[in-house]
Amino acid sequence: MLYSCEPSNIPSDTQEEEPSLYIPDLALGELFKDVQTSGIFNDYKTFVDCRPLRSPDSILADYMGEKEGAFFDLKMFVEKNFELPANIEIPDSFDFSDNMEAHLHQHWDYLTRSTPEQEPYSTAIALPYPYVVPGGRFREMFYWDSYFILLGLLESDRNELAWGILKNFEYLINTFGYIPNGNRTYFLGRSQPPLFAAGLEAYAEKNGQGSIQTFLPALEKEYQFWMQGEQQIKAPKIASERVVKLEKKTLLNRYYSARELPRAEAYGKEMRWAAGKGPGEQEEYFRHMRATCESGWDFSSRWFHDPADKSTCHAMDIIPICLNSLLFQAELLLSKLNEAEGNSEKAAVYSQNAANRKSAVNRFLWKQEDGFYKDYDFQLQASTQAQTLAIAYPLYVGMASEEQAEAVAEKIEQDFLFPGGVVTTLGPAAEQWDFPNGWAPLQWITIKGLLNYGYKEQALEIAGRWLALNRKVYAQDQKMMEKYNVVQPDLPAGGGEYPNQDGFGWTNAIALKCSALLNEKSGK
């Protein structure tokens, strides 16, 4: 049976009725639960990426009739009834020479996929244009990965492929009302950091403002997705969907989920993590975990009451620095594009929204006494204790004052900079988006943010350290990794619920950006 992604089945937090698609946890019932708690696959993502070879209804019926048999083997049953995702090998013709950049420029072809038509019973959502996957276990297009990948494509003069990413974003917005976490049916219901505006600006920087004007309706529609819920906030309620109202008309945003079930691609482990929670608590916990995944920082002590305890995740209570910075950027671009269309009145509204957001961020997220930004827990009406590299986002989008930028630059220099680049959070924790790990997207957010405010030498130092670490690991293993240990570069990155992945789309992209930046300095 195919399931329609309507609110009764998978809340999408949109006013759109999503098309009927195969959603494995809904379609396979008890079979899905048994597979995802059995341990027959080392990775929970494997089964949700499998494609049923016939009707899921008939497979489920056969399973219910056979599973109690004396000689029944669950793994054999799955292998008989499902096509397992393929492991794609890198062709021998690829260049693994000492020239890392030459390898990266051609590696886009290896990571490029095309699914123009919806395959029956596949969780992969068809997209009209080719796209680039991160690599490793990630066989689909991810939203925020694709923004950083787009930067690398532009650096590689792959303009057509970069344009296709923006067109795929537009298609997803027009189809679902938002850009899902990735083009998989089990990702529906949540988005990722809203970097569509940033992608448009990056493309326009190379191709001119007129090249992105046609995307205005899609950008407005995505913005409405993040802002819907405002009208439903009535005292004493202070939040609805992704909108939080703080004092009268002060609006900021949070990551959010309406769906009260464990993620299909993490079902077994999320059930374990929630095992100690009582009735009603589990459902709320699953929503917090999904909101964390919408942030892209999955997982980080940033989202936990107790930094060492994942079961204390409370992501929906938090107003994050990164999200509100990116929405500020979107508001400014919406104002600019509307002005170009001659819609001065709408342009003024978006400009005012940006000004209001900046004021609210300065009031609730900027800590003058500390000299940096902190996420805000609107339930406790207090800043969270986590110190994270998200402090670079206001610089990245140009929202910080000169004084704020100076304080943030000093904080990054003193506390976040290590031999391999900048670390994600301060203090040891068990999660992958934590100390001692560094991630390519956050290196670039920091580098570009510092450049925006004239801290060129500091930005180049970070770029140089990060690129040197990339080169070191590439020389040893001929791989670009998902994340790196920037504190002790001789050790691998840790944390997370799966092994460190190689590929890797956004790492490739930011290595190319850093290389170009350093070459520009040296005059090459």
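Here are the numbers for the structure shown:
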read-out: Every pair of residues 6+ apart whose Cβ atoms lie under 7 Å, when the first sits in the range 48-68 and is over 10 Å from Pro24 (Cβ atoms) while the second is of a type outside the set (D, E, K, R) and loosely packed, with under 15 Cβ neighbours inside 10 Å; value: Asp57/Met1; Glu66/Phe72
read-out: Conditions (1) under 21 Å from Ala197 (Cβ atoms); (2) buried (at least 20 other Cβ atoms within 10 Å of the Cβ); (3) not basic (Lys, Arg); number of the one not met by Ala355; value: (2)
read-out: Residue satisfying all of: in the range 117-153; of a type in the set (A, V, I, L, M) and either out of contact with any Gly (no Cβ under 7 Å at 6 or more places or on another chain) or at pLDDT below 95 (or both); surrounded by the most Cβ atoms within 10 Å (Cβ to Cβ) among these; value: Leu153
read-out: Matching option when the condition is in contact (Cβ under 8 Å) with a residue 12 or more places away in the chain and surrounded by 23 or more Cβ atoms within 10 Å (Cβ to Cβ), among Ala463, Ala430; value: Ala463
read-out: Matching residues, the range 130-155, being in contact with a Leu (Cβ under 9 Å, 6 or more places away or on another chain) and more than 25 Å from Leu326 (Cα to Cα); value: Pro130, Gly135
read-out: Residues of the range 244-265 classified as surrounded by fewer than 22 Cβ atoms within 10 Å (Cβ to Cβ), in contact (Cβ under 8 Å) with a residue 40 or more places away in the chain and closer than 21 Å to Gly280 by Cβ, total; value: 3
read-out: Matching option when the condition is over 21 Å from the mean Cα position of the chain (by Cα) and either at pLDDT 95 or above or among the charged types (D, E, K, R) (or both), among Leu389, Leu395, Leu332; value: Leu332
read-out: One residue from Arg290, Arg272 being part of a helix (DSSP H, G or I) and out of contact with any helix residue (DSSP H, G or I) (no Cβ under 9 Å at 6 or more places or on another chain); value: Arg272
read-out: Number of the exception - His288 against (1) touching a His at 6+ places or on another chain (Cβ under 9 Å); (2) over 19 Å from Pro194 (Cα atoms); value: (2)
read-out: From the options Leu380, Leu389, residue that is surrounded by fewer than 23 Cβ atoms within 10 Å (Cβ to Cβ), under 26 Å from Thr424 (Cβ atoms) and touching a helix residue (DSSP H, G or I) at 6+ places or on another chain (Cβ under 8 Å); value: Leu380
read-out: Filter result for Leu60 (surrounded by 15 or more Cβ atoms within 10 Å (Cβ to Cβ), farther than 29 Å from Gly505 by Cβ and touching a Gly at 6+ places or on another chain (Cβ under 9 Å)); value: yes
read-out: Qualifying positions in the range 154-193 - more than 14 Å from Glu220 (Cα to Cα), of a type in the set (Asp, Glu) and touching a residue at least 24 places away in the same chain (Cβ under 8 Å); value: Glu155
read-out: Top-ranked residue of the range 412-427 - restricted to ones that are at pLDDT 95 or above and surrounded by fewer than 20 Cβ atoms within 10 Å (Cβ to Cβ), ranked as farthest from Ile462 (Cα to Cα); value: Leu426
read-out: Unique residue being β-branched (Val, Ile, Thr) and surrounded by fewer than 16 Cβ atoms within 10 Å (Cβ to Cβ) when the list is Val408, Val349; value: Val349
read-out: Residues within the range 95-113 that are polar (S, T, N, Q) and either assigned to a helix (DSSP H, G or I) or at pLDDT 95 or above (or both), tallied; value: 2
read-out: Some residue of the range 313-324 being surrounded by fewer than 23 Cβ atoms within 10 Å (Cβ to Cβ), part of a helix (DSSP H, G or I) and touching a strand residue (DSSP E or B) at 6+ places or on another chain (Cβ under 7 Å); value: yes
read-out: Positions within the range 444-499 being within 21 Å of the chain's Cα centre (by Cα) and either basic (Lys, Arg) or part of a strand (DSSP E or B) (or both), in sequence order; value: Lys448, Met481, Lys483, Tyr484, Asn485
read-out: Matching residues, the range 230-243, being over 19 Å from Tyr178 (Cα atoms) and either surrounded by 14 or more Cβ atoms within 10 Å (Cβ to Cβ) or at pLDDT 95 or above (or both); value: Ile233, Ile238, Ala239
read-out: Answer residue from the range 154-183, given it is crowded, with 18+ Cβ neighbours inside 10 Å and of a type in the set (Asp, Glu) and is farthest from Phe215 (Cα to Cα) among those; value: Glu155
read-out: Criterion (within 30 Å of Gly39 (Cα to Cα) and either part of a helix (DSSP H, G or I) or in contact with a Lys or Arg (Cβ under 9 Å, 6 or more places away or on another chain) (or both)) met by exactly one of Phe215, Phe299; value: Phe299
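Rundown of residues vs (1) polar (S, T, N, Q); (2) surrounded by 24 or more Cβ atoms within 10 Å (Cβ to Cβ); (3) closer than 26 Å to Phe138 by Cα, yes/no style:
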{"residue": "Tyr285", "(1), (2), (3)": "no, no, yes"}
{"residue": "Thr292", "(1), (2), (3)": "yes, yes, yes"}
{"residue": "Ser295", "(1), (2), (3)": "yes, yes, yes"}
{"residue": "Trp303", "(1), (2), (3)": "no, yes, yes"}
{"residue": "Leu332", "(1), (2), (3)": "no, no, no"}
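The values are calculated or read from the model by the stated rules, or taken from the named source; none is laboratory data. Not measured: the values here are computed from a predicted model. Because the Cβ atoms are built from the backbone with ideal geometry, glycine has one as well, and the counts that use them run over all protein chains shown.
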